Amino acid sequence: MMIERISFKIVNWLLKNGAISENDTRFYQYAAFNIIYASTPLISILVIGSCLHVFGESILFGITFLCLRKYTGGFHFNSLMLCIPFSLTIEGLFLILAASKASIILIWFSYPLAVLSLILFSPVMSSKRFLTTEERKHCKLVVIKQLVIISIICYAFDWMKSSDWTAFPKSATIMVGISQYPALLIDTIRRKRNK
């Protein structure tokens, strides 16, 4: 996989230049992989935003997405080869949606539904992400606080007559809300099978 190769090359470069010892290579390779993997969505969002001439707005989109996604959960493919291209495609589509003037009304109506959905269902758990009751409460509280902050920012932009900017954090919120439904559906099917 490309991310593994890149992280391997970074660690080899550090090793050759004496920045790390041979004993630390596994740790640094793991760290490099996680940094590259975690930054892939933000970098792709900024690249797509630049292509759409909405770089500043795409920063709001990316921050909203990354903050919410960490605590809400959602659907993940088992393979990074599927997960990354699919995620990048969806992020691109929602950025295009936010940048389109024609979609402002759709976003305006969908945003409150997404907020309600995220409050009700967060955090979505899967067989790979089990949370204790305390962890679930913490995640839900963080999601609610984040949604309040996002809503305040959006309504401030609306009040300042900058609704073009409002579309981006709202679109990211809608995207995160929608991404929970496949995971919820899979979880429901698994529970019915286990009965």
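The values are calculated or read from the model by the stated rules, or taken from the named source; none is laboratory data. Quick caveat, the model's predicted, so the values are computed rather than measured. Virtual Cβ from ideal backbone geometry, glycine too; neighbours counted across all protein chains shown. Keep in mind that these areas ignore ligands, DNA and RNA; they rest on the heavy atoms of the full protein, side chains included. Shrake-Rupley method; radii C 1.70, N 1.55, O 1.52, S 1.80 Å.
Observations on the structure shown:
- According to the Cα-based calculation, Rg over Rh for the stretch 30-111 is 0.99, with Rh computed by the Kirkwood formula.
- Taking 0.36 nm per residue of separation and subtracting the Cα-Cα distance, full extension of the segment from ASP24 to MET81 would add 17.8 nm.
- Rounded if a/c under 1.5, otherwise prolate or oblate - the stretch 52-156, Cα gyration tensor axes: oblate
- Cut-off 18 Å (backbone N to label point 7 Å along Cα→Cβ of THR89), residues of the stretch 45-63: 45, 48
- Put the Cα centre of the stretch 13-73 next to the Cα centre of the stretch 150-184 and the gap is 22 Å.
- When every Cα-Cα distance of the chain is counted in 10 angstrom steps from zero, the calculated P(r) takes the values 9, 30, 31, 20, 9, 1 percent.
- Here the chain is treated with +1 on each Lys and Arg Cβ and -1 on each Asp and Glu Cβ, and its dipole about the Cα centre works out to around 740 debye.
- What a 1.4 Å probe finds exposed on the stretch 9-83 is 66% carbon and sulfur by accessible area, rounded to a whole percent.
- Pairwise FRET efficiency - LYS9 versus MET160, Cβ, R0 = 45 Å, nearest 0.05: 0.50
- Mean residue ellipticity (222 nm) of the chain, computed from DSSP H runs ≥ 4 via -39,500 (n - 2.57), nearest 500: -28000 deg cm²/dmol
- Two-site FRET efficiency, VAL148 against LYS16, from Cβ-Cβ distance with R₀ of 35 Å, rounded to 0.05: 0.10
- Taking the inverse of the mean 1/r over every pair of distinct Cα atoms in the stretch 95-195 gives a Kirkwood hydrodynamic radius of 14.9 Å.
- Selection from ILE149, ALA172, LEU185 lying farthest towards where the dipole of the stretch 135-195 points positive, charges on Cβ: LEU185
- Label zone at MET2, where the point sits 7 Å out along the Cα-to-Cβ direction: the stretch 27-61 residues whose backbone N lies under 18 Å: 32-51
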